[in-house]
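Have a look at the structure below, then the notes.
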Amino acid sequence: MGEALLDELARRVGAAHVLSEPALTAGFERDVSGRFGGRAAAVVRPGTADEVAAVLAACARAGAAVVPQGGNTGLVGGQVPRNGEVVLSLARLTEIGPLDPVAAQITVGAGVTPAALAAALRGTGLALGVDFAARDSATIGGMVATDAGGAQVLRHGTMRARVAGLEAVLADGRVLRRLSGLVKDNAGYDLPALLVGSEGTLAVITAARLALVPAPARVVTALLGLGALDEAVALVARLRAALPSLQAADVFLADGLDLVCAHRRLAPPFPDRHEVYVLVECGAPEDPTEALAAALEGEAAVADVAVADDTVRRAALWTYREALNEAVNAAGVPHKLDVSVPRAALAAFAAEVVAAVEAAAPGARTILWGHLGDGNLHVNVLGPDPAAHGVDETVLRLVAAHGGSISAEHGIGVAKREWLGLTRSPEEIAAMAAIKGALDPAGVLNPGVVLAVPL
Ligand SMILES: Cc1cc2nc3c(=O)[nH]c(=O)nc-3n(C[C@H](O)[C@H](O)[C@H](O)COP(=O)(O)OP(=O)(O)OC[C@H]3O[C@@H](n4cnc5c(N)ncnc54)[C@H](O)[C@@H]3O)c2cc1C
């Protein structure tokens, strides 16, 4: 990268916020799984939307490619450099605006973490309604850019449902600002909606107007042990119908639990081992424990139940599920494939995917977990060379054969771009490329993410 651009960036954001020493840039250059990353030309950390605009304008003039980064918790490699790009970190945009209690909305900077937002909202009776294990590091900007999901999608939808407006900067530094939060506003194209899930390829999000949900006064969590995945799928369908307060139904299997218990040195949740574990959670203004107990009564497939209604014991139950990512990463560099299939096909897909991976890569370990209520499984494969693509292709082709999506909530990133055509038509991909070309004609924003760079 030219000294002239480095100097200009330092003038725009302050020399302390332009990092080029390997010891300082290293933490921005590799993802948490260790599978993706490369050297950055520099890491730039603007502190305001105006500085973001100035950085993007300067990079555009210099023809320097830019990789936007929030909390660097993404799992498909879209936030780390691949080819000596400038990493644009939004982590310093941490302003939290005043709560609008009438609209139940709040405007926050792109670098705010969901944990910081939850802390700011404590006592207001309102919550974000999107929650997952990376809550302390992920950012609102990254969550909008990936249309993040998490445990509560079955109740509140994905991040898309929480976006009431956005402020974003185009590749050339022009700012789009639409933060009014109007419930009804169909004047022209819905540009914020276009940016949700765009993975940093169309614009850089600097702030979001968020539509909040009522925070449940009482929450109860139950871990259930079952013998088979098809029984778990059927159970969750019945629980959804019976329990309006149901806000999570996550699943993991015995081999994943073994990894977590070994990694975290935890005792298993039950004396008996079960093939399938389902974490269900209900939240309501009044204690939902009795309603949950009534819904589970007579459910013969449920062999064991552990219930928790206080913060500490609930967190202990969630640890068995939420530590899976780090436990798998500690065991090796995994192939991580976040997919969704029609819920009725989930159990069959799970059985077939394990067999298909074994056939493609004998001896590989396939660890499955996910969000059962959404038909969303995280297929993690340990063993095959992290750079090899055969296993990914096997899994994603099977997903397509089941009428599913190759990306449920993590995005396409660089991990899956070559298989986008499995679940998106040539016409759809051409429309995406046309939008990309219109908003970023020089192709400097996150090149090679979602869409392959044209040769
Ligand atoms: C332990 C763990 C658990 C997870 N669980 C879930 C889960 O349950 N559900 C789920 O959906 N995800 C989950 N994830 C994945 C990840 O946390 C989400 O994708 C999250 O939304 C990424 O946020 P981030 O700020 O870390 O973004 P990053 O990783 O920094 O970036 C992700 C993508 O968004 C782009 N981007 C980031 N910020 C901006 C911005 N301000 N403007 C434009 N583009 C931007 C990047 O270029 C990249 O393409 C998990 C990750 C971990 C490590």
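The values are calculated or read from the model by the stated rules, or taken from the named source; none is laboratory data. Being a predicted model, the structure only gives us computed values, none of them experimental. Heads up, the Cβs are rebuilt from the backbone with ideal geometry, glycines too, and the neighbour counts pull from every protein chain shown. With ligands, DNA and RNA removed, areas are computed over all heavy atoms of the protein, side chains included. Shrake-Rupley method; radii C 1.70, N 1.55, O 1.52, S 1.80 Å.
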The listed residue being open to solvent by 10 Å² or more (accessible area, probe 1.4 Å) and in contact with an Asp or Glu (Cβ under 7 Å, 6 or more places away or on another chain), out of Val450, Val444, Val414: Val450
Matching residues in the stretch 52-81 - criterion: being of a type outside the set (A, V, I, L, M, F, W, C) and either surrounded by fewer than 21 Cβ atoms within 10 Å (Cβ to Cβ) or within 10 Å of the ligand (Cβ to nearest atom) (or both): Arg61, Gly63, Pro68, Gln69, Gly70, Gly71, Asn72, Thr73, Gly74, Gly77, Gly78, Gln79
Failed criterion for Ala164 (all others in (1) among the aliphatic types (A, V, I, L, M); (2) part of a strand (DSSP E or B); (3) open to solvent by less than 20 Å² (accessible area, probe 1.4 Å) hold): (3)
Test: Arg155 is open to solvent by 60 Å² or more (accessible area, probe 1.4 Å), under 21 Å from Gly129 (Cβ atoms) and away from the ligand (no atom under 12 Å from the Cβ): yes
Criterion violated by Val357 - all others in (1) open to solvent by less than 50 Å² (accessible area, probe 1.4 Å); (2) touching a Ser or Thr at 6+ places or on another chain (Cβ under 8 Å); (3) touching a residue at least 40 places away in the same chain (Cβ under 8 Å) satisfied: (3)
Checklist (1) crowded, with 17+ Cβ neighbours inside 10 Å; (2) more than 9 Å from the ligand (Cβ to nearest atom); (3) in a loop (DSSP other than H, G, I, E, B) applied to Arg209, failing item: (3)
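In the stretch 174-196, is there at least one residue being over 19 Å from Arg314 (Cα atoms), surrounded by 20 or more Cβ atoms within 10 Å (Cβ to Cβ) and in contact (Cβ under 8 Å) with a residue 40 or more places away in the chain? Don't jump to the end; show me each part of the working.
Residues of the stretch 174-196 that are over 19 Å from Arg314 (Cα atoms), as a first pass: 174-196.
Filter again for surrounded by 20 or more Cβ atoms within 10 Å (Cβ to Cβ), leaving 192, 195-196.
Next cut, in contact (Cβ under 8 Å) with a residue 40 or more places away in the chain only: 195-196.
Within the stretch 174-196, one or more residues are over 19 Å from Arg314 (Cα atoms), surrounded by 20 or more Cβ atoms within 10 Å (Cβ to Cβ) and in contact (Cβ under 8 Å) with a residue 40 or more places away in the chain.
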Candidate set: the stretch 23-50, residues that are part of a helix (DSSP H, G or I) and within 13 Å of the ligand (Cβ to nearest atom); chosen: the one most open to solvent (accessible area, probe 1.4 Å): Gly27
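Can you find a residue in the stretch 441-453 that is modelled with pLDDT of 95 or more and part of a helix (DSSP H, G or I)? Spell out how you get there, then give the answer.
Residues of the stretch 441-453 that are modelled with pLDDT of 95 or more, as a first pass: 441-451.
Right, trim to part of a helix (DSSP H, G or I) and you get none.
No, that holds for no residue.
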Residue in the stretch 297-316 that is closer than 20 Å to Cys261 by Cβ, more than 16 Å from the ligand (Cβ to nearest atom), at pLDDT 95 or above and open to solvent by less than 30 Å² (accessible area, probe 1.4 Å) present: yes
Complete set of residues in the stretch 107-128 that are buried (at least 24 other Cβ atoms within 10 Å of the Cβ) and more than 19 Å from Ala91 (Cβ to Cβ): none
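Considering only residues that are within 16 Å of the ligand (Cβ to nearest atom) and surrounded by fewer than 19 Cβ atoms within 10 Å (Cβ to Cβ), which ones fall in the stretch 418-438? Outline the logic, then answer.
Within the stretch 418-438, the subset within 16 Å of the ligand (Cβ to nearest atom) is 420, 432, 435-436.
Matches in the stretch 418-438: Leu420, Met432, Ile435.
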Candidates Gly390, Gly373 - the one that is modelled with pLDDT under 95, crowded, with 18+ Cβ neighbours inside 10 Å and of a type outside the set (Val, Ile, Thr): Gly373
Among residues of the stretch 95-144, those that are of a type in the set (Val, Ile, Thr), within 12 Å of the ligand (Cβ to nearest atom) and outside any helix (DSSP H, G or I), counted: 5
